[in-house]
1. Of all residues being within 19 Å of PRO251 (Cα to Cα) and not polar (S, T, N, Q) in segment 185-204, which is surrounded by the fewest Cβ atoms within 10 Å (Cβ to Cβ)? Just the residue, please.
2. Out of all the residues in segment 255-278, is one or more more than 46 Å from the chain's Cα centre (by Cα) and of a type outside the set (Asp, Glu)?
3. Within segment 273-299, can you find the residues that are without any contact (Cβ under 8 Å) to a residue 60 or more places away in the chain and part of a loop (DSSP other than H, G, I, E, B)?
4. Enumerate the pairs (first residue in segment 199-217 and on the phi > 0 side of the Ramachandran plot; second residue anywhere and open to solvent by less than 30 Å² (accessible area, probe 1.4 Å)) with beta-carbon separation below 6 Å, excluding pairs fewer than 6 apart on the same chain, so at least 6 apart or on different chains.
5. Has segment 254-264 got any residue that is among the polar types (S, T, N, Q), touching a strand residue (DSSP E or B) at 6+ places or on another chain (Cβ under 9 Å) and either modelled with pLDDT of 95 or more or not in a helix (DSSP H, G or I) (or both)?
6. Name the residue, out of GLY374, GLY351, GLY333, that is at pLDDT 95 or above, of a type outside the set (Lys, Arg) and either under 48 Å from the mean Cα position of the chain (by Cα) or part of a helix (DSSP H, G or I) (or both).
7. Considering every residue within segment 300-310, establish whether at least one is in a helix (DSSP H, G or I), of a type in the set (Gly, Ala, Ser) and open to solvent by 30 Å² or more (accessible area, probe 1.4 Å).
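The values are calculated or read from the model by the stated rules, or taken from the named source; none is laboratory data. Since this is a predicted model, take the numbers as computed values, not measurements. Cβ: placed from backbone, ideal geometry, glycine included. Neighbour counts: every protein chain shown. Areas reflect the complete protein model, heavy atoms only, side chains present, ligands, DNA and RNA absent. Shrake-Rupley method; radii C 1.70, N 1.55, O 1.52, S 1.80 Å.
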Amino acid sequence: MSYHSSAKAHFFGNFIALAGLPLFPAGIPVKELGRIGTLFLYYISCYILSFKQAQVRVVKDDMDDLAVLHSELTENINAASDLQSLESVRVAALGKQGSISLLLKGLGKLAPDQRKQQGQALNNLRESITQSLDTKRKQLEAAALEVRLAQEKVDVTLEARPATVGSIHPFTQALYEIVTIFKEMGFSVAEGPDIEDDEHNFTALNIAPEHPARQEADTFYLPPREDGMSVVLRTHTSPVQIRTLRKTKPPVWIIAPGRTYRSDSDPTHTPNFHQVEGLLIDEGIHMGHLKGCLVEFCRRFFGVDDLPARFRPAFFPFTEPSAEMDIGCSRKGGEFKIGAGDDWLEILGCGMVHPNVLENCGIDSSQHQGFAFGTGIERMAMLKYGIPDLRAFYESDNRWLHHYGFSVVNALSGDTI
C-alpha cells in the first residue's frame, strides 16, 4: 500500500472515530477504505439534510403557533365588553409576563437565522395586536360616552322649575307709600348724617340741658370731638330740619326719613329704628294747615276715606303749641281695626315749630311760621299690615318675609297705596 493510501486510510479511520464510529485496524485495503469513506460522507450528508429539514419544520411550527396566538388574542380583544376587560387582554399579551413579551425575551436562545425570522414575525404580531387594542379601546370609549350622554342628558321639553320670587319688605313698602303720599302733596326728601353733634341733635332744637333725652340711658354717646362737643347717634331725624333751615331760605317743604338710635328694646321698640319727620316753613302757616295735611296723609296711608282723627295737647321742646294725633279704631272681640270705632290710637307727634328753633336757624319767626311732625316708619307698617312685634323686622326670617312681604309688581305700580 502506498504512502497516500496508508495516509488516506488513517485519515478516514480517525474521522470515523471522531464521528463516533469504531476504528478499523490499520492496513485495510485502500479500496475498502474508499468504500467506507463514501458511506460515511453519505451519512453525513443525510444528517445535515435532516437537520436543515428539522430547522424548517421548527420555523414552520413557530409560525403556525404565532398565527394561533394572533387569532386567540384578536378573539379576546373583540370579546372585551368594557375598558377594564380590554386592559386585562393587553396585560396578558404585552405586559411584562405577557405571551408576546415572553416570546420576545426568548429570541436570544435561537440561531441567528431563526432569530431574525422569528423576531420579525413577533414584531409584526406585537404591532398588529397593539393596533387592534387601540381600535377596540376607541370603540369602547365612544360607547361609554354614548351611555353617559344618554344617562346625563337634560330633557329640555320639561317645564322649568318654579323660580323663587322675591318680595318687598314691609318696612320698604311702608316707606315707599309714605314718601309717595307726601311727594304728591309737594314735599321733597332731605337726608342727613347718622352721627350728629349736640348742637344739631339737641341744642338747636330747643332741648334743654336737663332734658331726659340727653341722658345716657336714652342716647348712644360717642367720643366727643376735639373741641369738646358731644357726639351721638342721632335720636331722631330732626337734625335734618336744622341743617336744611340753615342752608335754605323759606319756603321749606321737606320730609326726612332715616335711621335713628335709642337705648330701648321691647316688642314695640328697638335700639335701631326709622323715623320720618316733616317740616313746612312759609308765611301765614297755622295749625289748620297742620291738621289738614296730617289727616289727609293718614286717610290715604290707611286707605280709610272717613278715618276719624283728633289732636290732643302735648309737649315737645321744638314745637309750640304741640299735639299728639289720634286716629279712630276698634278693638272689639280682640280684633284690632283702624277706622270707625269707639276707641282711639295715638299715631304721631306734631306741632307748630317753636320760635326759638326758627331763630336758631336764622329765620325771623315774626315773618315765617311752620309746622313739624314725626312718626316711626316701622310702627306705621305694624299698624297697617297687622304685624305684632317690631323686633321681627330685623330678624331676617324668610318665612316672615314671605308672609308679610309685597309683590314687586304691585309695589312698583302703586296698587298698594
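1. This residue is GLY186.
2. Let us first name the residues in segment 255-278 that are more than 46 Å from the chain's Cα centre (by Cα), namely none.
No, that holds for no residue.
3. Step one: list which residues in segment 273-299 are without any contact (Cβ under 8 Å) to a residue 60 or more places away in the chain, which gives 288, 291-292, 295, 298-299.
Of everything in segment 273-299, nothing turns out to be without any contact (Cβ under 8 Å) to a residue 60 or more places away in the chain and part of a loop (DSSP other than H, G, I, E, B).
4. Matching pairs, first to second residue: ASN206/PRO317; ASN206/VAL357.
5. yes
6. Working: GLY351 fails: either under 48 Å from the mean Cα position of the chain (by Cα) or part of a helix (DSSP H, G or I) (or both); GLY333 fails: at pLDDT 95 or above.
On inspection, the qualifying residue turns out to be GLY374.
7. No, every residue in segment 300-310 fails to be in a helix (DSSP H, G or I), of a type in the set (Gly, Ala, Ser) and open to solvent by 30 Å² or more (accessible area, probe 1.4 Å).
Quick grid of which residues meet (1) of a type outside the set (Ser, Thr, Tyr); (2) out of contact with any helix residue (DSSP H, G or I) (no Cβ under 9 Å at 6 or more places or on another chain); (3) at pLDDT below 90:
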{"site": "ALA190", "(1), (2), (3)": "yes, no, no"}
{"site": "ILE195", "(1), (2), (3)": "yes, yes, no"}
{"site": "ALA204", "(1), (2), (3)": "yes, no, no"}
{"site": "ALA217", "(1), (2), (3)": "yes, yes, yes"}
{"site": "ASP227", "(1), (2), (3)": "yes, yes, yes"}
{"site": "LEU245", "(1), (2), (3)": "yes, no, no"}
{"site": "ASP266", "(1), (2), (3)": "yes, no, yes"}
{"site": "LEU290", "(1), (2), (3)": "yes, yes, no"}
{"site": "ARG300", "(1), (2), (3)": "yes, no, no"}
